[in-house]
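S.K.: Starting off with a structure, shown below.
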Amino acid sequence: MIRDLFDKFLLLGLVAVAVAIALVLGGFFGQDDALITQKRNPAVERAMQEKARSAFLLETYQPVEHLMLSDRHAEALLKLQEFDKTFPGEPHTMILRGSILVTQGVLSEGLAQYAAAVKINGDYVDEKSSLHRRDEINQLVESAVPAIRKSLQVASTPTLEKSLRDAYYLQSRLAGGCE
Amino acid sequence: MPVFDRHFWLIVVSGATLGLLGVLLAVWGNPDNSGICVSCFVENSAGALGLHDNPRMQYIRPELIGFVFGAILSSRLLGEFRSRGGSAVMPRFFSGLFLIVGCAVFIGCPIKLFLRLTAGDLTALVGLAGLIIGVWFGIRSLAAGVHLGRSEKQRDGSGLWVPALFLLLLVLVLVKPAFVRFSVTGSAALHAPALISLAAGLFLGFLAQRSRFCVTASIRDFLLMGRRAPLIWGLFAFFIVATATSVASGGFNFGYYGQPGSHHDVFWSLLGMALVGWLSVIIGGCPFRQLIKAGEGDSDAGMVVLGMLVGGGVVQSWEIAATAAGVNSFGKVAVLVGIAFVIILTLFYRERGTVPGSAT
């Protein structure tokens, strides 16, 4: 490969570049802002954002959870309607509404809310997330699927079919996969 | 029946090992039914490099690095590393992109398709049908004179650029600089230990380079030659070993509903895999095989790999990738555009006047 002086010159240049890279990374030319992260460390930022988001949601929705624990479901639902205006499209509102509706026996709507929440934020089925509600969703799916199938055998309605699709969707998300 | 020579048994061992490690990597930490999935891994790696911002899909998968390096090692040891390329470079780049589109709409590459099947996931049957249909169209295209051109010997070193890229990825995995993203939740947060993934990838890359094992080529050869084709026996070995390992590890869950990483939009699953099958035959291999060939110095395959990486970013950024909820409109349009692409490719690269019955 090395045939003449020009090749040797090129090879020397390559070695010089490699040395220069090593020196820059080693800080020989001064601690560069980029190396000492002028911006905050993105990985740490993401972890902090994740934790801050979870903490914010849990704190903000605590009044609703308190009402739910006291079996004051109607008031909890009204509170969630207020949150719909403050935080439109927020999956945490949906998941809490779903929980209340299921408790009140409104299975179809409850399942729809759970499915909608998980579609937006998969953390609700992720064990590694502080927001996860795997056990609750698992219990719901385990009881809902046979019940809906039984109902469908008696009479098939679009509402029941949608509920079954929502239940299967939650079942699939609980099973895992690439999302 | 095939000739039961050394190459035959190498193919069988490769298939069996792929099946075994494909299941074991999921046991060791990779997502369920995705112990090995080239398309999912490419999407994860693209996310880690900042090509998309889905926070649940960002991790450089060491398995991909292992596949390429295993192929380099094997080809170098046996004198098969040859820098070659220059054949229909841009079409190959876009073929790589559309390979990932097809896989993302199905949710899995051909290897994951079989891993899903061997885990009892009946939704993968539709994907298999699509893959076979696509491979059939690919064979018909080749028979009609579609030819992307011969790969030419390239100057020394040109086949090393894509391996060099994967070397950089390895450095990024080991050093973990701040600009590389790593998911903390989601499927990309599920992974086997990096060294185990890398070692498994190296071993599989080595075996696959030696045996030339490829899922779509197995189907292609079976359609052309029946049971005489050695590669189909490799796929058969994959199926048997993966099924047995799934059952033994408790990961076997027979059924259509509630399967991990699957959806019920059967038509689009079929179409997505048909796209993958058709493209794979025309460009000479499935996504896994393209990585192996890139490791052998084939820069045409290298361009496919680069297209796959870009595709990994695009399918997530543009919300093309399917989810358990199904395939959205973007995904449907993307698959249809991919089908149009492969049809146009077939039309433009058909050598006319040289095949009986073709237009002059």
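The values are calculated or read from the model by the stated rules, or taken from the named source; none is laboratory data. Every value quoted in this text rests on a predicted model; they were computed, and no experiment measured them. When we count neighbours, we look across all protein chains shown, and the Cβ atoms used for this are built from the backbone with ideal geometry, even at glycine. These area figures cover heavy atoms from the full protein model, side chains too; ligands, DNA and RNA do not enter into them. Shrake-Rupley method; radii C 1.70, N 1.55, O 1.52, S 1.80 Å.
S.K.: What value, in deg cm²/dmol to 500, does the helix sum -39500 (n - 2.57) over DSSP H runs of n ≥ 4 give at 222 nm once divided by the residues of chain B? Before the final figure, lay out the partial values.
M.R.: Details: 14 runs with 226 residues, N = 360.
Calculated from helices alone, the mean residue ellipticity at 222 nm is -21000 deg cm²/dmol.
S.K.: Please give the Cα centre distance for the stretch A:7-26 versus the stretch B:1-21, rounded to the nearest Å.
M.R.: 46 Å
S.K.: Anyone know which of B:239, B:254, B:182 comes out most mobile in the 10 Å Cα GNM of chain B?
M.R.: Largest GNM mean-square fluctuation: B:254.
S.K.: Given a 1.4 Å probe and the protein chains all in place, what does the accessible area of residue A:48 round to, in Å² to the nearest 10?
M.R.: Result for residue A:48: roughly 110 Å² accessible.
S.K.: A further question on this structure: Run the quick spin-label model on residue B:147 and residue A:104: label points 7 Å from Cα toward the beta carbon, then report their separation in nm to one decimal.
M.R.: With each label point 7 Å from Cα toward Cβ, the separation is 7.2 nm.
S.K.: Further question: Would you mind estimating how fast the stretch B:215-360 diffuses translationally, via Stokes-Einstein at 20 °C and 1.002 mPa s with the Kirkwood radius over Cα pairs, in µm²/s?
M.R.: Values: Rh = 18.0 Å.
Stokes-Einstein gives a translational diffusion coefficient of 119 µm²/s.
S.K.: For the stretch B:163-273, just say rounded, prolate or oblate: build the C-alpha gyration tensor, square-root its eigenvalues into a ≥ b ≥ c, call rounded for a/c under 1.5, and beyond that prolate if a/b exceeds b/c, oblate if not.
M.R.: Details: a/c = 1.87, a/b = 1.32, b/c = 1.42.
Here the stretch B:163-273 falls in the oblate category.
S.K.: So for the stretch B:48-189, Kirkwood radius off the Cα pairs, Stokes-Einstein at 37 °C and 0.692 mPa s: how many µm² s⁻¹? Write out the running numbers ahead of the final one.
M.R.: On the way: Rh = 18.2 Å.
Estimated via Stokes-Einstein, D reaches 180 µm²/s.
S.K.: Could you give the length gained on full extension between residue B:155 and residue B:73, defined as 0.36 nm per residue of separation minus the Cα-Cα distance, in nm?
M.R.: Result: 27.5 nm gained on full extension.
S.K.: Related question: In cubic angstrom, how much convex hull volume per residue do the alpha carbon atoms of the protein assembly as shown span? Walk me through the intermediate numbers first.
M.R.: Values: hull volume 98.6 nm³, N = 539.
Cα convex hull per residue, to the nearest whole number: 183 Å³.
S.K.: Just to confirm my numbers, what's the Cα centroid distance between the stretch B:89-131 and the stretch B:168-230 in Å?
M.R.: 14 Å
S.K.: Further question on the same structure: Using a ≥ b ≥ c from the Cα gyration tensor of the stretch B:1-84 (square roots of the eigenvalues), is it rounded, prolate or oblate, where a/c under 1.5 gives rounded and otherwise the larger of a/b and b/c decides, a/b for prolate? Mind dumping the intermediate values first?
M.R.: Values: a/c = 3.13, a/b = 1.56, b/c = 2.01.
It comes out oblate by the Cα gyration axes.
S.K.: Based on DSSP H runs of at least 4 residues, each adding -39500 (n - 2.57), what is the mean residue ellipticity at 222 nm of chain A after dividing by all its residues, to the nearest 500 deg cm²/dmol? Walk me through the numbers before you get to the answer.
M.R.: Details: 8 runs with 128 residues, N = 179.
The helix contribution divided over chain A gives -23500 deg cm²/dmol.
S.K.: In addition: Which translational diffusion coefficient, to the nearest whole µm²/s, is obtained for chain A from the Stokes-Einstein equation, given a Kirkwood hydrodynamic radius over C-alpha pairs, 4 °C and 1.567 mPa s?
M.R.: On the way: Rh = 20.4 Å.
D, rounded to a whole number, is 63 µm²/s.
S.K.: Using only the Cα atoms of the stretch B:6-348, build the gyration tensor, take square roots of its eigenvalues as a ≥ b ≥ c, and label the shape rounded, prolate or oblate: rounded if a/c is under 1.5, else prolate if a/b is larger than b/c, else oblate.
M.R.: Details: a/c = 1.14, a/b = 1.06, b/c = 1.07.
It is rounded, given that a/c, with a ≥ b ≥ c, falls under 1.5.
S.K.: I've got another one for you. What's the FRET efficiency of residue B:253 with residue B:5 using the Cβ-Cβ distance as r and R₀ = 56 Å, to the nearest 0.05?
M.R.: The value I calculate is 0.90.
S.K.: Can I ask one more? Per the Debye formula with a single identical scatterer at each Cα and no solvent contribution, what log10 I(q)/I(0) holds for the stretch A:93-179 at q = 0.21 Å⁻¹?
M.R.: -0.94
S.K.: What lysines sit close enough to residue B:293 to cross-link, taking a C-alpha to C-alpha distance under 28 Å and skipping anything fewer than 8 places away on the same chain?
M.R.: Once the sequence-local lysines are set aside, what remains near residue B:293 is B:112, B:153, B:176.
S.K.: Give me the orientation-averaged projected area of the Cα convex hull of the stretch B:37-76, in nm², one decimal. Before the final figure, lay out the partial values.
M.R.: Values: hull surface 11.6 nm².
Quarter of the Cα hull surface area: 2.9 nm².
S.K.: Taking 0.36 nm per residue of sequence separation and subtracting the Cα-Cα distance, how much length would be gained by fully extending the chain between residue B:319 and residue B:90, in nm to one decimal? It would help to have the intermediate numbers written out before the result.
M.R.: Details: separation 229, 0.36 × 229 = 82.44 nm, distance 2.40 nm.
Gain on stretching residue B:319 to residue B:90: 80.0 nm.
S.K.: If you stretched the chain out fully between residue A:45 and residue A:28, how much longer would it get, using 0.36 nm times the residue separation minus the C-alpha to C-alpha distance?
M.R.: Details: separation 17, 0.36 × 17 = 6.12 nm, distance 2.82 nm.
Value of the extension gain: 3.3 nm.
S.K.: Add +1 for every Lys or Arg and -1 for every Asp or Glu among the other residues with Cβ under 14 Å from the Cβ of residue B:26, and state the total. The partial results should precede the final answer.
M.R.: Working: positive: B:61, B:112, B:116; negative: B:32, B:63, B:121.
Charge balance near residue B:26 sits at 0.
S.K.: In the Gaussian network model of chain A, springs joining C-alpha atoms below 10 Å, which of A:14, A:77, A:67 carries the largest mean-square fluctuation?
M.R.: A:14
S.K.: Using Cα positions and a limit of under 19 Å, work out the lysines in reach of residue A:162, with same-chain residues fewer than 8 apart set aside.
M.R.: In chain and number order, the partners are A:119, A:150.
S.K.: From Cα coordinates alone, what are the radius of gyration and Dmax values for the stretch B:280-360 in angstrom?
M.R.: Calculated on Cα positions, Rg and Dmax stand at 16.1, 48 Å.
S.K.: Another question about this same structure. Roughly how tilted is helix A:158-175, in degrees to the nearest 10 and between 0 and 90, from the longest Cα axis of chain A?
M.R.: Helix A:158-175 sits roughly 40 degrees off the main axis of chain A.
S.K.: Once R0 is set to 35 Å, what does the formula 1/(1 + (r/R0)^6) return for the Cβ-Cβ distance between residue A:162 and residue A:87, expressed as a FRET efficiency to the nearest 0.05? Write out the running numbers ahead of the final one.
M.R.: Details: r = 25 Å, r/R0 = 0.72.
Here the calculated transfer efficiency is 0.85.
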